[in-house]
Amino acid sequence: MRIDDRQLDRILAAVQKPARYVGGEFNSVVKDWADPKILAKVALVFPDVYDLGMSNLGLAILYDLLNKRNDVLAERVYIPWPDMEARMREARMPLYALESRRQLGDFDLIGVSLPYEQLYTNVLTMLDLAGMPLLSVDRNESYPLVCAGGNAVFNPEPMADFIDFFVMGEGEDVIIEVILAMHEVVHADRETQLRRLARIPGVYVPRFYAVSYYEADGTISNIEPLVEEAEANIVKRITPLMPPPITRFVVPFVDVVFNRASIEIQRGCTRGCRFCQAGMVFRPVRERSLAELLETVDRIMTDTGHEEIGLLSLSSSDYSKIGPLVQTISKKYSDRALNISLPSLRIESFSAELLEMLQGSRKSSFTFAPEAATDRMRQVINKYISTEDMLQTAEEVYSRGWRLIKLYFMIGQPTETDEDVLAITKLAKQVLAIGRKYHGGRAKVRVGVSTFVPKPHTPFQWAGLAPLDEIRRRQVLLRREFGARGSGRARGIIFDWNEPEESLMEAFLSRGDRRLGAVIRSAWEKGAKFDAWNEWYRPAVWHEAFAEHNLDPAWYAHRVRLADEIFPWDHIHAGVEKRWLLMDWYAAEKGETKVDCREHCYHCGILTAFKGLRANIPPAAWECPPIRNPRWQELAERGEVIGLTEVVKESMGRSRVPEE
Ligand code: SF4
């Protein structure tokens, strides 16, 4: 049922940014709900406010892809800002989609994008405002199916109570398979519907798995499939051939986080940074062709009128044709002052030539993310670039007219010492000194220091979050060293850091197990929402919720895990083998580095997991079943890596893993 437009108009007169809630933007797609060809009505939800959600490329890709079909209609839904939510509740107005203004309950499928964990409580607001039971088990076939995808669901367990099924990995192909399967069982009961969906590779239906725990220490003892359709291991999906990029972006009415058209120039990254979840779960690398990208830019310029193009990927300067791409675009559109943004530049593959080409673009700032300030620490995290190269790059940037360089670091990483922390201030001051050579007092350095959170499916998943007091001590060390006042400002340097409590929340939500569902619900009932926004995040509410369920956030966040511990996400396979990650964790402790595996394959497991999918994957990497790979034997024989079982026994002194 459509919401009442006049009632909406009355409400909009009283809330901030009413244009967030009206729909009708240029390039938005409104389809006829009565069209008999339509098999499925899909609501695509970004569980945060319009200004953020409209810049989410993942959801925009699915919106474009589904609406290009004539048998599906897809509409956008965002979470109302608290002022609007209050008015909607007052008026008993349900949550609705922007295109048709139909309430969420009218759709067949609700697809929720979860790129990060701080969005979880907003999913409960979505279900509640839609008038749907919060728990998946309380929703029968009269309710839309609710699914979720995105980076955060690589550990789906904390949200298992609320979501009917998860899609692991890339959604472009799976979403179609899901819609066709749903159509097959459209009149069946919910159990039958979910069993059908569980048969789709990459689909995880949590209610079909039982999780049990060791009484002794509360860790997981087993994750057991309960029905024949439930695979023991859910392997992520990849899209070997990326679909044509979007050109008809919906042009927002209000200022959004990124006012630009974004093109994914490649997917995946093979640099192997050990803290980086995206770098592990988006393997292997697949590049788009130069021709396809240039044609896409031309079409975007005609279809949207955007003044900025974002060339996106996890490491854009690693795209093999980055030079010709930027050069051709800047030349062709030099008369239209088109701004080209390259969000993730890696110092290792960054070149002065690339800088030259970007000269024409607005010189707002240049961003580098070394993540650690000493050579030793960068070896541990496997983001190896020498300090000398970094200073040389700063020279290149300042000498070409940029006045602001942004440097991103993390503190709290495994093996970190105070010397590593203090090196951040030293490096920032060295960079500023270079800037002053060219721009005097107008040169600036912005230093962002976040707190390392060990993420699932990374070599650092065995590490723990550093104690909050320790993080605070290191932040004080930095502020003192920068001579920064409370605001973090010191002459020429702006120093930002995040609140340790925010990192604690990210850690317990990303490393939690199914028992966290009850905690999330309690926190939400106590008012938790918009947890990604400083002004809304309320740590006390979360601590109360944990206490209420006799659970301890520190146990989830700070505890270093044993080598053979069963992780809550162990039945979810991102393609990179757990054994490989463990080996790499040990290599990190020894400060051993790995080169970009496009140069040298380390047999991480991707090629075994996706042996069948040949298109678009570097052919050279086809000959490798991991572990049984003679290379490992050879390394083991040379004592460079020791066999897995020895590692396990050594690290735990008692064996819970059956002898091989
Ligand atoms: S299989 Fe080899 S080349 Fe492929 S992602 Fe893994 S380590 Fe890199």
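The values are calculated or read from the model by the stated rules, or taken from the named source; none is laboratory data. This one's a predicted model, so the numbers in the text were calculated from it and none came from an experiment. So basically every Cβ, Gly included, is an ideal-geometry build from the backbone, and we count neighbours across all protein chains shown. For accessibility, only protein heavy atoms count, side chains too; no ligands or nucleic acids. Shrake-Rupley method; radii C 1.70, N 1.55, O 1.52, S 1.80 Å.
A few points about this structure:
- Set G464, G448, G440: member being of a type outside the set (A, V, I, L, M, F, W, C), modelled with pLDDT under 95 and either surrounded by fewer than 23 Cβ atoms within 10 Å (Cβ to Cβ) or not in a loop (DSSP other than H, G, I, E, B) (or both): G440
- If the condition is being touching a helix residue (DSSP H, G or I) at 6+ places or on another chain (Cβ under 7 Å) and modelled with pLDDT under 95, then region 521-547 contributes only Y537.
- So G131, is it in contact with a strand residue (DSSP E or B) (Cβ under 8 Å, 6 or more places away or on another chain), surrounded by fewer than 21 Cβ atoms within 10 Å (Cβ to Cβ) and modelled with pLDDT of 95 or more: yes
- Residue match in region 244-255 (condition: buried (at least 17 other Cβ atoms within 10 Å of the Cβ) and either assigned by TED's automatic domain parsing to the domain that holds P115 or more than 25 Å from the chain's Cα centre (by Cα) (or both)): yes
- So G272, is it among the small types (G, A, S) and within 16 Å of the ligand (Cβ to nearest atom): yes
- The set of residues in region 509-531 being out of contact with any strand residue (DSSP E or B) (no Cβ under 6 Å at 6 or more places or on another chain) and over 14 Å from E544 (Cβ atoms) consists of L509, S510, R511, G512, D513, R515, L516, G517, K529, F530, D531.
- Only one entry in I223, I263 is open to solvent by 20 Å² or more (accessible area, probe 1.4 Å) and either over 21 Å from P459 (Cα atoms) or part of a strand (DSSP E or B) (or both), namely I223.
- Residue tally, condition part of a loop (DSSP other than H, G, I, E, B) and touching a Leu at 6+ places or on another chain (Cβ under 9 Å), over region 4-37: 11
- Of residues in region 342-398 being among the basic types (K, R) and closer than 28 Å to Q461 by Cβ, the one modelled with the lowest pLDDT: R346
- Among residues of region 10-38 that are open to solvent by 80 Å² or more (accessible area, probe 1.4 Å), those with a Cβ under 6 angstrom from a residue that is among the hydrophobic types (A, V, I, L, M, F, W, C), sequence gap 6+ or separate chain, pair up as K17/V254; F26/V251.
- Listing of helices (runs of 4 or more DSSP H) fully contained in region 548-660 that carry 1 or more residues being modelled with pLDDT of 50 or more, surrounded by 19 or more Cβ atoms within 10 Å (Cβ to Cβ) and more than 14 Å from the ligand (Cβ to nearest atom): 553-557, 578-589
- Pairs linking a residue in region 265-289 that is closer than 15 Å to L241 by Cβ to a residue that is polar (S, T, N, Q) and within 9 Å of the ligand (Cβ to nearest atom), with Cβ atoms under 7 Å and 6 or more positions apart or on different chains, are V285/T270.
- Positions within region 126-175 being within 21 Å of I38 (Cβ to Cβ), β-branched (V, I, T) and touching a residue at least 60 places away in the same chain (Cβ under 8 Å), in sequence order: V174, I175
- From the options S316, S320, S289, residue that is out of contact with any Leu (no Cβ under 6 Å at 6 or more places or on another chain) and more than 16 Å from the ligand (Cβ to nearest atom): S289
- Residue list for region 46-78, filter: under 17 Å from the mean Cα position of the chain (by Cα) and small (G, A, S): G53, S55, G58, A60
- Within region 303-337, considering residues that are more than 17 Å from A291 (Cα to Cα) and in a helix (DSSP H, G or I), the one farthest from the chain's Cα centre (by Cα): D335
- Check on V203, modelled with pLDDT of 95 or more and more than 20 Å from G517 (Cβ to Cβ): no
- Condition check for Y50: among the hydroxyl-bearing types (S, T, Y), crowded, with 16+ Cβ neighbours inside 10 Å and within 30 Å of R267 (Cβ to Cβ): yes
- Applying the condition of being part of a loop (DSSP other than H, G, I, E, B) and among the small types (G, A, S) to region 522-537 and asking which residue is nearest to E499 (Cα to Cα) yields A532.
- Scanning region 177-216 for residues that are aliphatic (A, V, I, L, M) and surrounded by fewer than 16 Cβ atoms within 10 Å (Cβ to Cβ) yields L180, V186, A188, A210, A216.
- Scope region 386-425; condition surrounded by fewer than 18 Cβ atoms within 10 Å (Cβ to Cβ) and touching an Asp or Glu at 6+ places or on another chain (Cβ under 8 Å); matching residues: S386, T387, D389, R400, Y408, T415, L422
- Any hit, region 170-178, residues being touching a Ser or Thr at 6+ places or on another chain (Cβ under 6 Å) and under 23 Å from E117 (Cβ atoms): yes
- Listed conditions (1) open to solvent by less than 10 Å² (accessible area, probe 1.4 Å); (2) touching a Phe, Trp or Tyr at 6+ places or on another chain (Cβ under 7 Å); (3) under 18 Å from R376 (Cα atoms) are all met by L478, apart from (3).
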